[in-house]
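Undergrad: Have a look at this one.
The values are calculated or read from the model by the stated rules, or taken from the named source; none is laboratory data. Quick caveat: nothing in here was measured; it's all calculated off a predicted structure. We place every Cβ from the backbone using ideal geometry, glycine too, and count neighbours over all the protein chains shown.
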Amino acid sequence: MINDIIEKTKLHLNRAKSARSEIKNWPNGLDCELFEDFEKIKTIDTFIYRFIKLQDMMGEKLFKFFLDELGEYNDTMSLLDVLDKLEKFEIIGDASKWMEYRKLRNKLTHEYPNNEDEVIEGIHIAIDVFSDIEQILKNIEQYVEKSIKNKGNH
């Protein structure tokens, strides 16, 4: 079950990663003029959608299933409790950072017309923190692989 969730999470990660690479290669970077270019808008929309789906999948499913596999999860735990446990297992470096990533959703989910600068700022931040989120997923994968190998050795 955990491996299925990891694979679904990686699907969102890889699609967001492709869109992020495309955005990073734009000659003029992110500016308000990009909202006039439909192809760029599609890339931005893809990145935002997949970034949000990635966060949702990790925060709502992957983290809980991971902790459940370790016998460390119960239904009464808040997201902050879950994040604190993940921090103890050195899966995430700082629980408060993940909460900041979640706040980023508000910037990214606004429609463009009246607040393009805010959306662009949110995209810049999302691009910057994307590698942190990717590392968290890698940490979970490595932990799961190690625990599977350890179970096989006993």
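Undergrad: Report, by residue number, each residue of segment 111-154 that is modelled with pLDDT of 90 or more and more than 19 Å from Thr43 (Cβ to Cβ).
TA: Correct list: Asp132, Gln135, Ile136, Leu137, Lys138, Asn139, Ile140, Glu141, Gln142, Tyr143, Val144.
Undergrad: Could you count how many residues in segment 83-105 are over 27 Å from Gly122 (Cβ atoms) and surrounded by 18 or more Cβ atoms within 10 Å (Cβ to Cβ)?
TA: The total comes to 1.
Undergrad: Could you tell me which of the residues Leu80, Leu67 is surrounded by 13 or more Cβ atoms within 10 Å (Cβ to Cβ) and not basic (Lys, Arg)?
TA: Result of the check over Leu80, Leu67: Leu67.
Okay, residues lined up against (1) small (Gly, Ala, Ser); (2) touching a Gly at 6+ places or on another chain (Cβ under 9 Å); (3) closer than 18 Å to Glu141 by Cα:
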residue: His12; (1), (2), (3): no, no, yes
residue: Asp31; (1), (2), (3): no, no, no
residue: Thr46; (1), (2), (3): no, no, no
residue: Arg50; (1), (2), (3): no, no, no
residue: Gly93; (1), (2), (3): yes, no, yes
residue: Lys97; (1), (2), (3): no, no, no
residue: Lys103; (1), (2), (3): no, no, no
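Undergrad: Can you name every residue in segment 2-41 that is of a type in the set (A, V, I, L, M, F, W, C) and in contact with an Asp or Glu (Cβ under 8 Å, 6 or more places away or on another chain)?
TA: Matches in segment 2-41: Ile2, Ile6, Leu13, Cys32, Phe35.
Undergrad: Counting just the residues of segment 106-119 that are in contact with a helix residue (DSSP H, G or I) (Cβ under 7 Å, 6 or more places away or on another chain) and assigned to a loop (DSSP other than H, G, I, E, B), which one comes out farthest from Glu134 (Cα to Cα)?
TA: Step by step, filter segment 106-119, then rank; the result is Tyr112.
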